[in-house]
Amino acid sequence: MLLVQVTHPQHGRRWAVRNPAGDRLLAAEFRLGTALAGDLAGFRKAVEAGADLPVAPRSPLAAPVDAWTEVWAAGVTYARSLTARMEESRNPDIYDRVYDADRPELFFKSLGWRVAGTGEPIAVRPDSRWDVPEPELAVVVAASGEIVGYTACNDVSSRSIEGDNPLYLPQAKSYLGATALGPGIRPAWEVADPYDLAFTISLTRDGTIRWRDAATTGRLHRRLDDLVGYLFRADLHPHGVVLSSGTCLVPDESVTLRPGDVVDIEIAEVGRLTNPVVSHHDATLRARRPTSPG
């Protein structure tokens, strides 16, 4: 099953449990942050509360996060990511050092309201000349620090901006349209081995596949719980957090995202995330702004 956020024609945006039979809408007051405020057992109880509810037809999906869910990411966790970051950078040795260091590279990626769900657009920056999609397995973590689920992430990145100077990383990684998650959250208890998940990516332009590649999480250089442990050092995440674990599928400099492209990411046992690419000034991006800070 998947924990999903749907856009229901009668009930508006609601959380649901999705299985082959359809969607079972959770209570209207269900919030991801509340379900993640405890531990794995509490999260499982909250999700499985929908197991006996009536089945509703499947509805379009939104990103599987609340408006203020924090999304973080890790970098240089695969050998290919190390090579790509060194190739793009004027300061390649810093990536070589972090790959083998005890402390991983972690950075803030997005708040939930900026995140695209499957079918929703991602964007390229107007001040970047080289932009790439990065398929990643993301972990959903409870306030206790326990991994409770998995989802797919597209960590859209400006390689030209980061390559100019590593201190530009926030601008290369964190902007409106730079993050997609979905299609939903696969509960951790349904994934036997997160280090043995095949994943693929394809970039389609004008109906033709421009770039395609495949890999497995077995190539991950770091433990997922180790990444989470560093994220929780000297910090609290009282409403849970999503942490994307890095990628090993990075296109070369002949491939860059353009408006009109479609990026498709699929991770075994987790699901398929599909996003069209638009200009950063597209009105659909600005429409994501929340109406209130609550």
Can you tell me the relative contact order of the range 2-62? Whole percent, Cα pairs under 8 Å, sequence separation 6 or more.
-> 40
Mind giving me the nanometre distance, one decimal, between the label points for ASP196 and TRP113, set 7 Å out from Cα along Cα→Cβ?
-> 4.3
Please give the length that would be gained between ARG223 and LEU53 if that part of the chain were fully extended, namely 0.36 nm times their separation in residues minus their C-alpha to C-alpha distance (nm, one decimal).
-> 57.6 nm
Considering the chain as a Gaussian network with a 10 Å cut-off on Cα pairs, which listed residue, LEU220, LEU25, LEU53, attains the greatest mean-square fluctuation?
-> LEU53
Kindly state, as a whole number, the per residue volume in cubic angstrom of the convex hull around the alpha carbon atoms of the chain.
-> 129
Estimated dipole of the chain in Debye, rounded to 20 [Cβ of Lys and Arg +1, of Asp and Glu -1, Cα centre] | 780
Given the chain, what percent of its DSSP beta bridges are antiparallel, to the nearest 5?
-> 90
Convex hull (Cα only) mean projected area of the range 128-286, reported in nm² to one decimal = 10.1
Size of charge dipole - the range 119-262 - debye, nearest 20, with Cβ of Lys, Arg +1 and Asp, Glu -1, no other charges = 140
Using 1/(1 + (r/R0)^6) with R0 = 35 angstrom and r between the beta carbons of THR284 and ALA21, what's the FRET efficiency to the nearest 0.05?
-> 0.65
The chain, helix-only ellipticity at 222 nm - DSSP H runs n ≥ 4, -39,500 (n - 2.57), divided by all residues, nearest 500 = -4500 deg cm²/dmol
Using a Gaussian network model of the chain with C-alpha springs under 10 Å, which one of SER202, SER110, SER128 is most mobile by mean-square fluctuation?
-> SER128
State the answer as a single residue: which of HIS11, VAL55, ALA178 lies farthest towards the positive end of the charge dipole of the chain, with beta carbon charges of +1 for Lys and Arg and -1 for Asp and Glu, about the Cα centre.
-> HIS11
Average the reciprocal distances over every distinct pair of alpha-carbons in the range 16-157, invert the result, and give the Kirkwood radius in Å.
-> 17.7
Leading residue at positive end of dipole, the chain (Cβ point charges), from LEU2, TRP68, PRO133 = TRP68
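Every read-out reported here was derived from the displayed coordinates using simple, explicitly stated rules and does not represent laboratory data. Keep in mind that this is a model prediction, so the values were computed, not measured. Virtual Cβ from ideal backbone geometry, glycine too; neighbours counted across all protein chains shown.
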